[in-house]
Amino acid sequence: MISLAGRDILHGWGKFVLTGMGLGLLIGVTLSMAGVYRGMIDDAQALLDNSGADLWVVQKDTLGPYAEPSSLSEDAERPIRAMAGVDRAAGVTYLTMQIAHQGKDVRVMVVGAEVAQPGEPGQPPHLLAGRRIVQGHYEAVADVKTGFAIGDQVKVRRNTYRIVGLTSRMVSSGGDPMLFLSLKDAQEAQFEKDADAIVRQRARTTSSPMLNPPGNPAVAEAVNAAQASSTNVNAVLVTVAPGADADAVAATIRRWQRVTVYTRAQMEEILVDKMIANSARQIGMFLVILAIVSAAIVAFIIYTMTIGKIREIAVLKLIGTRNRTIAGMILQQALGLGLIGFAVGKIVATFWAPFFPKYVLLLPADSVRGFVAVMAICALVSLLAIHAALKVDPAEAIGG
Amino acid sequence: MAEGIRIENLVKTYGSGDTAVHALRGVNMSVAKGEVVGLIGPSGSGKSTLLKCLGAVIEPTSGRMTIGDTVIYDDGWKVGDLRALRRDLIGFIFQAPYLIPFLDVTDNVALLPMLAGKPNAEARKEARDLLEALDVAHRAAAMPSQLSGGEQQRVAIARALVNRPPVILADEPTAPLDSVRALAVVDLLNTMARQFETAIIVVTHDEKIIPTFRRLYNIRDGVTVQEGPAGSHGPDGAGKS
């Protein structure tokens, strides 16, 4: 038996392919939306993976350092480092800001990490080019998505930093690329006060007899110096010793320090379930709407194609064609349209994914799920056209 | 000659009670194998209803219909699968050819045997043989839209004949054709009827072809009157009885 659907498609292949391409663009948008969601999750996981930490020690009762502000003394790191089961501990700061570079604003997350020893948590785990920060000041390592090149000078607050290394996939949970500075430079950038505030603070210190005792100007100078700088960090990142249980180490730190400690699983839950939850719901709504629109378009196209063949269907029924042959023809056309649409959608989504400002991750599993969904939707909406075709009276082929 | 189709006292009533419409009031007719008869009558006389009953697309109210030796209706359908009945025992030729636009000429004709389960190659061979007989074999690979009106009607006739049905119902088959082509189609039907021993009933209003039938049935108010060779019939079926 010949394929009636195949012949019909071949007969009007131009119209069919164009329709499939139109549908494909819509499917491409749907796949891209799913890719945006996956990209957000992947960014969050990359943030955690690349931090190199097993535990995040943050200000007590906060969800820091990514979801809420958190401030700890950098001295908190030392007793933690001495605890059983702790391999390494390092203070880090995170500050999202916009910096100007070559006439364009680049949104980055400035990360302050200790540079004393390579491999400390918080540092970029790998470099694409250049070297890591070795000087205490004015050097930076940037993620390639910043667009910076080795040797570029970038200004963060008042100071200018030279890019000495490039890394990749180092992004914030919001997808902003990271710019690594030494911890001291990052603390200065994060806690820097403006000039007016410093002048007023100095005047207040000078006018206070307790902070500026007569005959001892060194006290006021020391107070001013302490007020102008900060030794705080946003979190202490901890790696546990080989064989140590991260939950047990976290419990020990909680017992002895007035801090909150998150394990990897807890931090992932904060990032994915709390920070991304609303965005995920938003994207989910878009996916549902796009699926409904796609379904409506396929239904309309298949229904219109079927209605345009009512006379032929009546003739086919009159000359003895089985209902299932006619239903099969319509179903195959709907699936054919879905197949073309999905192929076009997958190609365009893959093609335009790199042009999105944020990471779009197209997972093969999502493609498989998308394919099954497209086929299921096409099969489902073809029922409307099949119903219309099966209602056609073969007597319509006979005049009068 | 052996009988191709016999209709006895066929009644079709739409609705019931005061609103009942008696479309057929007891039609009797028979057509022998190899014979072509005309069925004429004014609009509303019941021609289309009779054709639909004969074509097993609507169910008569009562009566009896026999195709060859097979009783297909006797106050109720006597065959379970009307679709198979239409496919295997009845051929249809329509007012317009109604060829399937996305199939080429060969497959338009071969479709029926394929639907009946014949292998594609065998069905296509039968189709090509018939197209040869109908003198349209040279257009076998063409699409319907590439054919002239006369060629399309020949292909439609081939489609009606391909399963060798004992009966062919032709509904105004010459309506879209000019005189020359219309008469050629009737000639062709006569030839095919004889060649394939098929009983052909031609419903027509076409004055050009009415005189060519050796036997005519005139249907009026749901009742048929058999008439002899036509000669003075108008398009509304009026004439000597």
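Points worth noting:
- A:D42 vs. criteria within 26 Å of the chain's Cα centre (by Cα), within 30 Å of A:D247 (Cβ to Cβ) and either at pLDDT below 90 or assigned to a loop (DSSP other than H, G, I, E, B) (or both): yes
- The number of residues in region B:54-66 being more than 17 Å from B:I93 (Cβ to Cβ) and either in contact (Cβ under 8 Å) with a residue 60 or more places away in the chain or under 15 Å from the mean Cα position of the chain (by Cα) (or both) comes to 2.
- Residue in region A:60-70 that is among the aliphatic types (A, V, I, L, M) and either touching a His at 6+ places or on another chain (Cβ under 6 Å) or more than 24 Å from A:Q190 (Cα to Cα) (or both) present: no
- Some residue of region A:333-344 being under 30 Å from B:D88 (Cβ atoms), within 14 Å of another protein chain (Cβ to nearest Cβ) and part of a helix (DSSP H, G or I): yes
- Region B:167-208, residues that are surrounded by fewer than 23 Cβ atoms within 10 Å (Cβ to Cβ), assigned to a loop (DSSP other than H, G, I, E, B) and modelled with pLDDT of 90 or more: B:E197
- Of all the numbered requirements in (1) surrounded by 24 or more Cβ atoms within 10 Å (Cβ to Cβ); (2) touching a residue at least 12 places away in the same chain (Cβ under 8 Å), A:G320 misses one, and that requirement is (2).
- Looking only at residues of region A:135-153 that are more than 25 Å from the chain's Cα centre (by Cα) and assigned to a strand (DSSP E or B), we find that the one that is surrounded by the most Cβ atoms within 10 Å (Cβ to Cβ) is A:E139.
- Residue that is more than 30 Å from B:I93 (Cβ to Cβ) and touching a residue at least 12 places away in the same chain (Cβ under 8 Å), where the choices are A:V368, A:V372, A:V381: A:V381
- Exactly one residue among A:N232, A:N212 is more than 30 Å from A:D42 (Cβ to Cβ), at pLDDT 85 or above and buried (at least 17 other Cβ atoms within 10 Å of the Cβ), and that residue is A:N232.
- Test result for A:V111, farther than 23 Å from A:A140 by Cα and either in a strand (DSSP E or B) or outside the structural domain of A:M170 (by TED's automatic domain parsing) (or both): no
- Total residues in region A:280-296, condition out of contact with any helix residue (DSSP H, G or I) (no Cβ under 6 Å at 6 or more places or on another chain), hydrophobic (A, V, I, L, M, F, W, C) and at pLDDT 85 or above: 6
- The C-beta contact set for region A:1-12 (first residue under 18 Å from B:P119 (Cβ atoms) and at the interface with chain B (Cβ under 8 Å from one of its Cβ atoms), second residue buried (at least 19 other Cβ atoms within 10 Å of the Cβ) and β-branched (V, I, T), distance under 9 angstrom, 6+ apart or interchain) comprises A:L4/A:T321; A:L4/A:I326; A:L4/B:I100; A:R7/B:I100.
- Taking the conditions (1) touching a helix residue (DSSP H, G or I) at 6+ places or on another chain (Cβ under 6 Å); (2) more than 14 Å from every other protein chain (Cβ to nearest Cβ); (3) of a type in the set (G, A, S) in turn, A:A277 satisfies each one other than (1).
- Within region B:41-113, strands (runs of 3 or more DSSP E) holding 1 or more residues that are away from chain A (no Cβ under 13 Å): B:62-67, B:70-74
- Residue within region A:258-270 that is of a type in the set (G, A, S) and in contact (Cβ under 8 Å) with a residue 12 or more places away in the chain present: no
- Criterion violated by B:N120 - all others in (1) closer than 29 Å to B:D206 by Cα; (2) within 14 Å of another protein chain (Cβ to nearest Cβ) satisfied: (1)
- For region B:129-163, the candidate set comprises residues that are part of a helix (DSSP H, G or I), of a type outside the set (G, A, S) and under 13 Å from B:T198 (Cβ atoms); within that set, the residue that is farthest from the chain's Cα centre (by Cα) is B:L130.
- Residue among A:A388, A:A349, A:A353, A:A397 that alone is in contact (Cβ under 8 Å) with a residue 12 or more places away in the chain, away from chain B (no Cβ under 13 Å) and under 26 Å from B:L51 (Cα atoms): A:A388
- Hey, A:G112 of a type outside the set (A, V, I, L, M, F, W, C), at pLDDT 90 or above and at negative phi or not: yes
- Verdict on B:S48 being in contact (Cβ under 8 Å) with a residue 40 or more places away in the chain and of a type outside the set (A, V, I, L, M, F, W, C): yes
The values are calculated or read from the model by the stated rules, or taken from the named source; none is laboratory data. What you see is a predicted model, and the numbers here were worked out from it, not measured in a lab. Because the Cβ atoms are built from the backbone with ideal geometry, glycine has one as well, and the counts that use them run over all protein chains shown.
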